[in-house]
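Asks: I'd like to ask you about the structure that follows.
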Amino acid sequence: MDAPIVPPAAVAAPVAGVPTHLRQIEWTPGRGPRRPVVAVLDTGVDAGVPGLADAIDTRGARSFVPGTRDPLSDPSGHGTHVAGIITDVAAGNTGPGVTILPVTIADARGATRTLDLVRGVRYAVARGASVINISFGGEGFSAAEQAALDAAARAGVLVVVSAGNNGLRGGPPVYPGAYRQALAVGAVGDDGRPLLLSAKGPHLAVVAPGDGVVAARAHDRPGATEARTGTSMATAVVSGVAARILALRPRLSAPQVRTLIETTARDVPPSGRDVGSGLGLVDLRAALAAPTPPREDREPNDDTVLVRALAPLMGPGGARGRALRGRTGSWGDPRDGFRVYLRSGQTVTAVLKGPGRADLDLALWRAGTPRGERDGAFARRWLAAISIGPASIERLSITASRSGFYTLEVQGGREPAPYRLIVRRSGRL
């Protein structure tokens, strides 16, 4: 069933001379103290387009598509259009408010390979991108692609990905939008309703304008534009919003930027998070005005293996107690794990406190727990303790039977929720 039309009060009032898609996100021009780098992993970007020339990192541009050596050309025009939208949203009062890093991962037909996507993501991270825009997708999970996104998150990069255009035919989730650590974006029309073509599912984080979005046209006269429709365009809008936030608040981490985008989105009926619109329609004005979210735990820490690459919450010596704040529960960040070292006979007590509306759980996994399907047999073998309740206040306490690094895990519910975790250990350090 289609979502109802957004009430008029929730839609920005028309502003003379400003395109519809910018009015919908409450856009106003502005410029911060820096120009964040947004890597556009696409079909290339036409460096000859006057409106983009000053924003493009021509020296850093790179192509990973066999037979396509020039990332500053764009036979299909798709990457140029995406880059134009990002530049328009991030526009400053004078000059560009963003640096576009063209990374070609798809040919003129829009076809791409896992290897090209992985290399493109890793290259963008190495070149210092703050945001990676991927307006592509297809069916099928790839461990290599997930690992690339995990590495990007570990490096502090926000990866913004289109949810996909298979809404009319349905089917399995579209990747890379359905991977952990991806901010998946759906598309709405001028009326605020999700487009029929926009993919639906629990992986959808937010929506943005994606119907007839006007932006730069490749291989044409100066100032020429064209209108395109799809979640590719909506994704570019969100990447532009992320760039605007980072330009004004450059010290924010990628999780903090994501939190601002998600928590300030305007709800699209039906009320609350849903598979058609995620947390709602992105709102630039609200995101820029919102207070700074707490700095959260390091990512990726979604399972007992990933968390081993991060510094432990509590090592073999040192503090007997720690407290931290975090946020989890989205498809892209389903749970947070923290390593705690326990000696045999030592007792650990953990208290989890979240908002009343949330449903968070708390688990403790034994030292050496591998990655695997968490069925009953797996839990009986590796789960040391668990606290599962209908609310978001959980508590567990257990005495270790053997020494080692245990993984204390906050498990999220159906939508992102902030929490505070207090951990104490007693006995011989």
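Asks: With 72, 52 as the choices, which residue is closer than 16 Å to residue 215 by Cβ, of a type in the set (A, V, I, L, M, F, W, C), at pLDDT below 95 and over 19 Å from the mean Cα position of the chain (by Cα)? Explain how you work it out, then say what you get.
Replies: Working: 72 fails: closer than 16 Å to residue 215 by Cβ.
52 is the lone residue from the list that is closer than 16 Å to residue 215 by Cβ, of a type in the set (A, V, I, L, M, F, W, C), at pLDDT below 95 and over 19 Å from the mean Cα position of the chain (by Cα).
Asks: Among (1) at negative phi; (2) within 11 Å of the chain's Cα centre (by Cα), there is one condition residue 181 misses while meeting the rest; what is its number?
Replies: (1)
Asks: From 379, 367, 384, which residue is of a type outside the set (Ser, Thr, Tyr) and either in contact with an Asp or Glu (Cβ under 7 Å, 6 or more places away or on another chain) or assigned to a strand (DSSP E or B) (or both)? Steps first, answer last, please.
Replies: Working: 379 fails: either in contact with an Asp or Glu (Cβ under 7 Å, 6 or more places away or on another chain) or assigned to a strand (DSSP E or B) (or both); 367 fails: either in contact with an Asp or Glu (Cβ under 7 Å, 6 or more places away or on another chain) or assigned to a strand (DSSP E or B) (or both).
Going through 379, 367, 384 in turn, the sole match is 384.
Asks: Of a type in the set (D, E, K, R), assigned to a strand (DSSP E or B) and within 30 Å of residue 261 (Cβ to Cβ), is that true of residue 359? Working first, answer last.
Replies: Values: of a type in the set (D, E, K, R): yes; assigned to a strand (DSSP E or B): no; within 30 Å of residue 261 (Cβ to Cβ): yes.
No.
Asks: Where residues in region 269-297 are small (Gly, Ala, Ser) and over 15 Å from residue 242 (Cα atoms), which of them is farthest from the chain's Cα centre (by Cα)? Outline the logic, then answer.
Replies: We begin by selecting, within region 269-297, every residue small (Gly, Ala, Ser); these are 271-272, 276-278, 280, 286-287, 289-290.
Within this subset, residues satisfying the condition of being over 15 Å from residue 242 (Cα atoms) are 271-272, 276-278, 280.
Numbers: 271: 22, 272: 19, 276: 17, 277: 15, 278: 13, 280: 14 Å.
Across region 269-297, the extreme among qualifying residues is 271.
Asks: Name the single residue, out of those in region 9-49 being at pLDDT 85 or above and of a type in the set (Lys, Arg), that is nearest to the chain's Cα centre (by Cα).
Replies: 35
Asks: Being under 30 Å from residue 201 (Cβ atoms) and without any contact (Cβ under 8 Å) to a residue 24 or more places away in the chain: is that true of residue 373 here?
Replies: Working: under 30 Å from residue 201 (Cβ atoms): yes; without any contact (Cβ under 8 Å) to a residue 24 or more places away in the chain: yes.
So residue 373 fits the description; yes.
Asks: Report whether or not residue 247 is out of contact with any strand residue (DSSP E or B) (no Cβ under 7 Å at 6 or more places or on another chain), more than 26 Å from residue 146 (Cα to Cα) and either modelled with pLDDT under 95 or buried (at least 20 other Cβ atoms within 10 Å of the Cβ) (or both).
Replies: On the way: out of contact with any strand residue (DSSP E or B) (no Cβ under 7 Å at 6 or more places or on another chain): yes; more than 26 Å from residue 146 (Cα to Cα): yes; either modelled with pLDDT under 95 or buried (at least 20 other Cβ atoms within 10 Å of the Cβ) (or both): yes.
Judged against the criteria, residue 247 is a match.
Asks: Additional query: Output the number of the condition that residue 289 fails; it satisfies all remaining conditions of (1) free of Cβ contacts under 8 Å to residues at least 60 places away in the same chain; (2) touching a helix residue (DSSP H, G or I) at 6+ places or on another chain (Cβ under 6 Å).
Replies: It is condition (2) that residue 289 fails.
Asks: A further question on this structure: Please list, ordered by first then second residue, the pairs with beta carbon atoms under 7 Å, 6 or more apart or interchain, first in region 255-268 and buried (at least 22 other Cβ atoms within 10 Å of the Cβ), second among the hydroxyl-bearing types (Ser, Thr, Tyr).
Replies: 268/277
Asks: Which numbered condition in (1) open to solvent by 20 Å² or more (accessible area, probe 1.4 Å); (2) assigned to a strand (DSSP E or B) is the only one that residue 423 fails?
Replies: For residue 423, the exception is condition (1).
Asks: Ok, one more. So, in region 377-410, exactly how many residues are open to solvent by 40 Å² or more (accessible area, probe 1.4 Å) and farther than 17 Å from residue 321 by Cβ?
Replies: First, the residues of region 377-410 that are open to solvent by 40 Å² or more (accessible area, probe 1.4 Å): 377, 380-382, 386, 388, 390-391, 393, 395, 397-399, 401-403, 405.
Narrowing further to those that are farther than 17 Å from residue 321 by Cβ: 377, 380-382, 386, 388, 390-391, 393, 401-403, 405.
Qualifying residue count, region 377-410: 13.
Asks: Select, from 374, 428, the only residue that is closer than 15 Å to residue 314 by Cβ, open to solvent by 40 Å² or more (accessible area, probe 1.4 Å) and in a loop (DSSP other than H, G, I, E, B).
Replies: 428
Asks: I've got another one for you. For region 80-117, enumerate the residues that are out of contact with any helix residue (DSSP H, G or I) (no Cβ under 7 Å at 6 or more places or on another chain), under 14 Å from residue 137 (Cα atoms) and small (Gly, Ala, Ser).
Replies: Of everything in region 80-117, those that are out of contact with any helix residue (DSSP H, G or I) (no Cβ under 7 Å at 6 or more places or on another chain), under 14 Å from residue 137 (Cα atoms) and small (Gly, Ala, Ser) turn out to be 106, 111.
Asks: Counting only residues that are surrounded by fewer than 16 Cβ atoms within 10 Å (Cβ to Cβ), give me the helices (runs of 4 or more DSSP H) lying completely in region 32-137 with at least 2 of them. Spell out the reasoning first.
Replies: Values: elements: 50-53, 78-89, 114-126.
Of the helices (runs of 4 or more DSSP H) lying wholly inside region 32-137, those with at least 2 residues that are surrounded by fewer than 16 Cβ atoms within 10 Å (Cβ to Cβ) span 50-53, 114-126.
Asks: Tell me which residues, restricted to region 218-236, are in contact with a helix residue (DSSP H, G or I) (Cβ under 7 Å, 6 or more places away or on another chain) and not in a strand (DSSP E or B).
Replies: Correct list: 218, 222, 223, 232, 233, 236.
Asks: Something else about it: Could you tell me which numbered condition residue 242 fails, if it satisfies all but one of (1) among the hydrophobic types (A, V, I, L, M, F, W, C); (2) at pLDDT below 95; (3) out of contact with any Gly (no Cβ under 9 Å at 6 or more places or on another chain); (4) surrounded by 24 or more Cβ atoms within 10 Å (Cβ to Cβ)?
Replies: (2)
Asks: Turning to a different aspect of this structure: Restricting the search to region 291-314, which residues are farther than 21 Å from residue 417 by Cβ and open to solvent by 20 Å² or more (accessible area, probe 1.4 Å)? Can you show your working first?
Replies: Pass one, region 291-314, residues farther than 21 Å from residue 417 by Cβ: 304-305, 308-312, 314.
Matches in region 291-314: 305, 308, 309, 311, 312.
Asks: I'd like the full set of residues that are in contact (Cβ under 8 Å) with a residue 60 or more places away in the chain, in contact with a Leu (Cβ under 9 Å, 6 or more places away or on another chain) and more than 17 Å from residue 131 (Cβ to Cβ), limited to region 165-180.
Replies: If we filter region 165-180 for residues that are in contact (Cβ under 8 Å) with a residue 60 or more places away in the chain, which is where we start, we get 165, 178-180.
Now restrict to residues that are in contact with a Leu (Cβ under 9 Å, 6 or more places away or on another chain): 165, 179-180.
The answer is 165, 180.
The values are calculated or read from the model by the stated rules, or taken from the named source; none is laboratory data. Just so you know, these numbers come straight off a predicted model, no measurement behind them. Glycine also receives a Cβ, built like all others from the backbone with ideal geometry; neighbour counts cover every protein chain displayed. Ligands, DNA and RNA are stripped out before the accessible areas are found, and what is left, the full protein with its side chains, is counted by its heavy atoms. Shrake-Rupley method; radii C 1.70, N 1.55, O 1.52, S 1.80 Å.
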